[in-house]
Amino acid sequence: DAIAAAQRRADVSIPLKIDGQTVPSMEQLEVRSPTDSSMLLGRVACADANDVNAAVLAAKAAFPAWRDAPASTRADMMRTTASLLDERRYELAATMVLECAKPRDQADGDVTAAIDFLRFYANEAERLGKGHQLNLAPGETNHLTYEGRGVVAVIAPWNFPLAILTGMTGGALAAGCAVVLKPAEESPIT
């Protein structure tokens, strides 16, 4: 049923987003099913060098607030996203079946791995957000804290279009980094 629904949703248009805003794109990539090249799955906006620079600048501007957000805030965002992915589990897996020719069981595994990554990194954000007491020398009190380092570029592979993308992005966001994300050209709809 999910695959039939994904076929009915074909020919979607996915815009370029920078800083939460839709940005006009001069070029679009047509995404076709590798098992049936007549099946147009959608059109995805492409970024040019100016768009990439704008995305990096937006991420740099957003970074200090995200870095300084409590670990619990970052963890809550990841748990919310994991729940949303879980609600759309079969839809996402079906999209992968059509877009990547991934077997159904492996596509489902890709989605559940993405969910697991988000929940794992949510827990790690909270654990590492507490820091560590380092009382190594008598009379000294030392506390180790972790914080984000800046902007992370994530370039996802096509063969695990959701799990690896989510793992790399989730780890960076959990650590308090901002992310600029580029999906694989072969699987940008997923």
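Across the chain, how many lysine pairs, 8 or more apart or on two chains, come within less than 26 Å at their alpha-carbon atoms?
So the count works out to 5.
Could you work out, for the chain, what percent of all Cα-Cα pairs fall into each 10 Å distance bin, beginning at 0 Å and stopping at the bin that holds the largest distance?
Going out from 0 Å in 10 Å bins, the chain shows 9, 30, 33, 18, 6, 3, 1, 0 percent.
Any chance you could give the angle, 0 to 90 degrees and rounded to 10, that helix 71-87 forms with the longest Cα principal axis of the chain?
Tilt relative to the chain: about 20 degrees.
Looking at segment 59-149 from every direction and averaging, what is the projected area of its Cα convex hull in nm²?
Numbers: hull surface 33.1 nm².
For segment 59-149, the mean projected area of the Cα convex hull comes to 8.3 nm².
Can you tell me the accessible area per residue over the chain, all protein chains present, probe 1.4 angstrom, in square angstrom?
Accessible area per residue: 58 Å².
Residue by residue through segment 182-190, which ³J(HN,Hα) values in whole Hz follow from phi under the Karplus form 6.51 cos²θ - 1.76 cosθ + 1.60 (θ = phi - 60°), with glycine and proline marked x?
Once rounded to whole Hz, the list reads 10, x, 5, 5, 7, 9, x, 6, 4.
Roll a 1.4 angstrom probe over the protein heavy atoms and tell me the percent of accessible area of the chain that is carbon or sulfur. Before the final figure, lay out each step's value.
Numbers: 6040 of 11060 Å².
Ligands and nucleic acids excluded, carbon and sulfur give 55 percent.
Please list, in chain and number order, the residues 5+ apart from Ser33 or on another chain whose amide H is under 5 Å from its amide H, with Hs placed from the backbone.
Long-range HN contacts for Ser33: Met39, Leu41.
How much of the DSSP beta bridge set in the chain is antiparallel, as a percent to the nearest 5?
60
Grab the beta carbon distance between Asn123 and Glu27, set R0 = 41 Å, and tell me the FRET efficiency rounded to 0.05.
Using R0 = 41 Å, I get an efficiency of 0.55.
Estimate the FRET efficiency between Leu134 and Ala69 by the formula 1/(1 + (r/R0)^6), using the beta-carbon distance for r and 25 Å for R0, to the nearest 0.05.
That pair, Leu134 with Ala69, gives E of 0.55.
Using only alpha carbon pairs under 8 Å that are at least six residues apart, calculate the relative contact order of the chain and give it in whole percent. Mind dumping the intermediate values first?
Numbers: 330 pairs, mean separation 45.1, N = 190.
Relative CO of the chain lands at 24 percent.
Helix 89-100: angle to the longest alpha-carbon principal axis of the chain, degrees 0 to 90, nearest 10?
60
Rounded, prolate or oblate, given the Cα gyration tensor of segment 132-179, with a/c below 1.5 counting as rounded?
Prolate is the answer for segment 132-179, as a/c is 1.5 or above and a/b outweighs b/c.
If you put +1 on each Lys and Arg Cβ and -1 on each Asp and Glu Cβ, how big is the dipole of segment 96-186 around its Cα centre, in Debye rounded to 20?
180
Magnitude of the Cβ-charge dipole of segment 30-107, K/R +1 and D/E -1, about the Cα centre, nearest 20 debye?
Working: 10 positive and 11 negative charges, 37 e Å.
Charge dipole of segment 30-107: 180 debye, to the nearest 20.
The values are calculated or read from the model by the stated rules, or taken from the named source; none is laboratory data. Quick caveat: nothing in here was measured; it's all calculated off a predicted structure. Virtual Cβ from ideal backbone geometry, glycine too; neighbours counted across all protein chains shown. In case anyone asks, the SASA skips ligands and DNA or RNA and just uses the protein heavy atoms, side chains included. Shrake-Rupley method; radii C 1.70, N 1.55, O 1.52, S 1.80 Å.
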